[in-house]
């Protein structure tokens, strides 16, 4: 009420107040004034890697071209072991600001606080150990098609409970539910969504990963890498105040593109590959997508952890992560 009165008294001024909080779900329920037409709500996720490197204005690789893009790339970030060490830490501001802080202890404390405070305030979770097991099982399925019935059966929990828990995770921005891009192309498309954790450090913690070598060489490496690239795109768009239009694409015949981004009325296909030596075969899914979508699809990109930018096939370029 007081904020509304002060704003209405000086409507010609913009940006008078900046209100922050850890989450807005309960806050929105308890505030009687909506401030409709007077306030903009921004969702701020953990830092993107470009923000952590002091390059918050750096464009995504398809948004600029030629000399202008090269001029705005900025210096490359860490690679190899140092890069995977950064993945294990994640990108919550405190861990970025204090590189000597014990990341495993921080994540353990954060998850405990999250479970005890946010989850219990939003849902009546009777068995916290089951919910903790749910988080770990969900992490193990990161980047995969999400079958909630199988998850509930493996956990011994009712399907409605699994759905309720997942809705809490999505509402509190702990996970991103990546849905398939659907267009009437005459092909049968897989419509089951995928799930990713918003912060790669959270994913690594829940997966029990403690050292970069194990993370890079282990069975979760592909899921970790996809999480990094997807979250970087979503954070970059969301922190500008844009609503990310991000999907994946898969046909029943097996053609697939890991990430599809709506940008300026077009569709940008992005493949995520863990190999540091990209090759033309990696562009197969992008080529199939471009053929199906016609003029609606733009040039595609294969994002890899190496250091080279390389044209793979006409219309598709391999780019290192730090050029994303």
Residue identified as assigned to a strand (DSSP E or B), closer than 25 Å to residue 55 by Cβ and assigned by TED's automatic domain parsing to the domain that holds residue 236 among 276, 262: 262
Right, residue 242: in the same structural domain as residue 183 (by TED's automatic domain parsing) and either at pLDDT 95 or above or in a strand (DSSP E or B) (or both) or not? no
Could you please find all residues in region 210-236 being surrounded by fewer than 23 Cβ atoms within 10 Å (Cβ to Cβ), free of Cβ contacts under 8 Å to residues at least 60 places away in the same chain and under 29 Å from residue 62 (Cα atoms)? 221
Only helices (runs of 4 or more DSSP H) wholly contained in region 67-158 count here; list those with 2 or more residues that are at pLDDT below 90, within 30 Å of residue 307 (Cβ to Cβ) and out of contact with any strand residue (DSSP E or B) (no Cβ under 8 Å at 6 or more places or on another chain). 80-89
Within region 170-209, tally of residues that are part of a helix (DSSP H, G or I), touching a helix residue (DSSP H, G or I) at 6+ places or on another chain (Cβ under 7 Å) and either exposed (fewer than 15 other Cβ atoms within 10 Å of the Cβ) or at pLDDT below 90 (or both): 1
Which is surrounded by 19 or more Cβ atoms within 10 Å (Cβ to Cβ), touching a helix residue (DSSP H, G or I) at 6+ places or on another chain (Cβ under 7 Å) and farther than 28 Å from residue 174 by Cα, of 267, 312, 324? 312
Consider residue 248 against the criteria (1) touching a strand residue (DSSP E or B) at 6+ places or on another chain (Cβ under 8 Å); (2) surrounded by fewer than 20 Cβ atoms within 10 Å (Cβ to Cβ); (3) under 21 Å from residue 48 (Cβ atoms): it satisfies all of them except one. Which criterion is unmet? (2)
Among residues of region 280-309, those that are part of a loop (DSSP other than H, G, I, E, B) and surrounded by fewer than 20 Cβ atoms within 10 Å (Cβ to Cβ), counted: 6
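The values are calculated or read from the model by the stated rules, or taken from the named source; none is laboratory data. Worth saying up front: this structure is predicted, and the values here are computed from it rather than measured. Quick reminder, even Gly has a Cβ in these numbers, built from the backbone with ideal geometry, and neighbours come from all protein chains shown.
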